[in-house]
1. Need the C-alpha centroid separation for the range 191-208 versus the range 30-77, integer Å.
2. Is the range 212-252 best put as rounded, prolate or oblate by its Cα gyration tensor, with a ≥ b ≥ c the root eigenvalues, rounded for a/c under 1.5, and otherwise prolate when a/b is larger than b/c, oblate when not?
3. Any idea how far apart residue 11 and residue 284 come out in nm if each label point goes 7 Å out from Cα toward Cβ?
4. What is the gain in length, in nm to one decimal, between residue 183 and residue 39 on full extension, counting 0.36 nm per residue of separation less the C-alpha to C-alpha distance?
5. Tell me, 171, 55, 152, 107 in order of fewest to most beta-carbon neighbours within 10 Å?
6. With springs connecting C-alpha atoms under 10 Å apart, model the chain as a Gaussian network and identify which of 97, 114, 25 has the largest mean-square fluctuation.
7. Using alpha carbons only, how many degrees (0 to 90, rounded to 10) separate the axis of helix 215-227 from the longest principal axis of the chain?
8. Using only alpha carbon pairs under 8 Å that are at least six residues apart, calculate the relative contact order of the chain and give it in whole percent.
Ligand code: SF4
Ligand code: SF4
């Protein structure tokens, strides 16, 4: 007889989820050190469904940042669509479903904005991949080139067992750390330490490289304008390219994140699965290893 979990997994796969796993809400809750716990958002949840959706490899065929950026946003849109459809599927069977925003931050959870749940840890606990050295989530099929989604539910689903495979070799690889333009990824670790003990990300450094049009640059630009002496020419300020780019980032997120040549670390992640279909020497993909190291 097919169980609810098996039916749901088949539905998720048929609707386009790449990897699909489940973690008990209680088990996950016990591991979360801050307010990004399931119970902060909704009491009574029994399971968290986690899934990934990959970006298209065609984005490596161009240096056009808007085209690459759109690729990310398409994948996020798919995560949102999948969350709704999975939720609808569960509610049609009498269970409650709470789709988790894949992108939005809750300003009340901690001082630096944080997601309702930290999806990379949810996905690791749901055993659909591993959080790598740079805190990017790595999936077996697409490496770091995935976006993540999650739905909480009061349905009693079966947790996904561990796969028993390590996707990130940590310092034995270290490619994401070397390529980072702002030294946001650990470059050193104690000999013999396990990845879990030293993986990390300096969020401030990462933001300075990857959020070219984020909130911090906006503050700094406004501060500069307010304190400038002599007062700058108004027409030149208003007609500056920065505002056009800022409008674009608000409108379609272009430049709002992953803007250091579209997240160098995730593009260059050496996870084997990352290039299994294409190979690093595929001449159609111009953003390969050599393009970045030169
Ligand atoms: S997104 Fe860019 S700045 Fe941030 S860690 Fe990756 S390579 Fe570094
Ligand atoms: S580039 Fe290497 S060290 Fe960095 S996350 Fe990928 S596999 Fe891990």
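Every number in this text was worked out from the coordinates using simple rules, so none of it is lab data. Note that the structure is a prediction, hence the values are computed from the model and not measured. When we count neighbours, we look across all protein chains shown, and the Cβ atoms used for this are built from the backbone with ideal geometry, even at glycine.
1. Between the Cα centre of the range 191-208 and that of the range 30-77, the gap is 20 Å.
2. Oblate.
3. 3.6 nm
4. 48.3 nm
5. Lowest to highest Cβ neighbour count: 107, 171, 55, 152.
6. 114
7. 30 degrees
8. 21 percent
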